[in-house]
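Report on one structure; see the data block that follows.
The values are calculated or read from the model by the stated rules, or taken from the named source; none is laboratory data. These numbers come from a predicted model, not from an experiment. Quick reminder, even Gly has a Cβ in these numbers, built from the backbone with ideal geometry, and neighbours come from all protein chains shown.
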Ligand code: HEC
């Protein structure tokens with residue numbers, strides 16, 4: 001058996017040179033020469049490379065120099081823009097505070113309820129001297145007053161509201177600018193001034209007391 005095997009091997013034995021040549025021939029058959037084909041993929045590689053290059057430059061330009069946590073952009077605001085933003089925030093805050101503290105009676109549209117709650121839209125009490133509206137909130141108001149020709153305060157009074165100076169400043173400024181009202185802003189400092197002046201007052205204001213304190217607000221009546 002092993003003898004026969006040996007014989008077969010002997011008959012197919014090749015010299016080294018023949019072996020190499022037959023391998024070359026075989027490999028040429030399997031992998032035909034690629035001389036002409038090489039250029040096409042090279043062009044693609046080149047074009048793709050250019051694309052990556054251009055894209056990365058574009059990306060670097062538009063994405064804060066590839067920083068993972070880019071610095072927050074500091075927008076330079078002009079003094080006017082800063083003032084505008086401050087005022088917008090104040091009005092927003094005033095509107096929210098008005099909704100929670102005042103709108104149940106004076107209504108969200110500032111029109112009040114006929115015969116019960118006086119309107120704030122177009123009211124002299126709200127839009128003339130800052131002292132009037134601020135004092136009303138600080139101490140409350142009782143007894144009859146006339147608002148836009150109607151008399152209020154015979155059945156219902158307004159209690160003092162426990163609010164901070166800044167909150168009162170925000171609410172009153174909102175009221176004086178909303179629903180077509182066009183009165184001046186009221187500052188926190190003004191409110192603290194009025195608070196200091198009325199520390200000794202224990203009960204609510206009456207309409208008459210306030211009218212005599214701010215006569216010029218009612219001079220055209
Ligand atoms: C519980 C109901 C009620 C609430 C809440 C209330 N008010 Fe009044 N307010 C009244 C009544 C009633 C009067 C009239 C009082 C009077 O004539 O004695 C009045 C009067 C006024 C007046 C003077 C009259 C006018 O219409 O201009 C102003 C200003 C005013 N309130 C502002 C406010 C503001 C601002 C708030 C919220 C911070 C507020 N009120 C919350 C019931 C209320």
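Any idea which residue in the range 129-143 is farthest from the chain's Cα centre (by Cα), counting only those that are farther than 19 Å from residue 177 by Cβ and crowded, with 21+ Cβ neighbours inside 10 Å? Restricting to residues being farther than 19 Å from residue 177 by Cβ and crowded, with 21+ Cβ neighbours inside 10 Å, the top hit is 141.
Applying a threshold of 6 Å to beta carbon distances and a minimum spacing of six or more residues, or different chains, the list of pairs starting in the range 89-103 at a residue that is more than 11 Å from residue 175 (Cβ to Cβ) and ending at one that is in a helix (DSSP H, G or I) reads 90/170; 90/173; 93/170.
If the condition is being away from the ligand (no atom under 11 Å from the Cβ), more than 30 Å from the chain's Cα centre (by Cα) and in a loop (DSSP other than H, G, I, E, B), then the range 155-214 contributes 198, 199, 200, 201, 202, 203, 214. For the range 109-122, the set of residues classified as touching a residue at least 60 places away in the same chain (Cβ under 8 Å) and near the ligand (Cβ under 6 Å from one of its atoms) consists of 120 only.
Candidates in the range 76-108 are the residues that are farther than 20 Å from residue 156 by Cα and in a loop (DSSP other than H, G, I, E, B); of these, the one that is nearest to the ligand (Cβ to nearest atom) is 77.
Restricting to the range 136-154, what's the tally of residues that are in a helix (DSSP H, G or I) and near the ligand (Cβ under 7 Å from one of its atoms)?
So in the range 136-154, the residues in a helix (DSSP H, G or I) come out as 136-139.
Filter once more, keeping what is near the ligand (Cβ under 7 Å from one of its atoms): 136-137.
Of the residues in that region, 2 qualify.
Evaluated against (1) farther than 17 Å from residue 188 by Cα; (2) in a helix (DSSP H, G or I), residue 73 falls short on exactly one condition, (2).
How many residues are more than 9 Å from the ligand (Cβ to nearest atom) and part of a loop (DSSP other than H, G, I, E, B) if we restrict to the range 123-135? Full working, then the answer.
Looking only at the range 123-135, we keep the residues that are more than 9 Å from the ligand (Cβ to nearest atom), and these are 128-131, 134-135.
When the remaining residues are screened for being part of a loop (DSSP other than H, G, I, E, B), the result is 128-129.
Residues flagged as more than 9 Å from the ligand (Cβ to nearest atom) and part of a loop (DSSP other than H, G, I, E, B) within the range 123-135 amount to 2.
State whether the residues of the range 194-202 include one that is surrounded by 17 or more Cβ atoms within 10 Å (Cβ to Cβ) and more than 20 Å from residue 88 (Cα to Cα). For the range 194-202, residues surrounded by 17 or more Cβ atoms within 10 Å (Cβ to Cβ) and more than 20 Å from residue 88 (Cα to Cα): present.
Regarding the range 177-184, can at least one residue be identified that is under 17 Å from residue 141 (Cβ atoms) and either touching a helix residue (DSSP H, G or I) at 6+ places or on another chain (Cβ under 8 Å) or without any contact (Cβ under 8 Å) to a residue 24 or more places away in the chain (or both)? No, the range 177-184 contains no residue that is under 17 Å from residue 141 (Cβ atoms) and either touching a helix residue (DSSP H, G or I) at 6+ places or on another chain (Cβ under 8 Å) or without any contact (Cβ under 8 Å) to a residue 24 or more places away in the chain (or both). List every residue pair whose Cβ atoms sit under 7 Å apart, with the two residues 6 or more apart in sequence or on different chains, where the first one lies in the range 56-67 and is surrounded by fewer than 10 Cβ atoms within 10 Å (Cβ to Cβ) and the second, anywhere, is modelled with pLDDT of 65 or more and in a helix (DSSP H, G or I). Partner pairs satisfying both residue conditions: 66/60.
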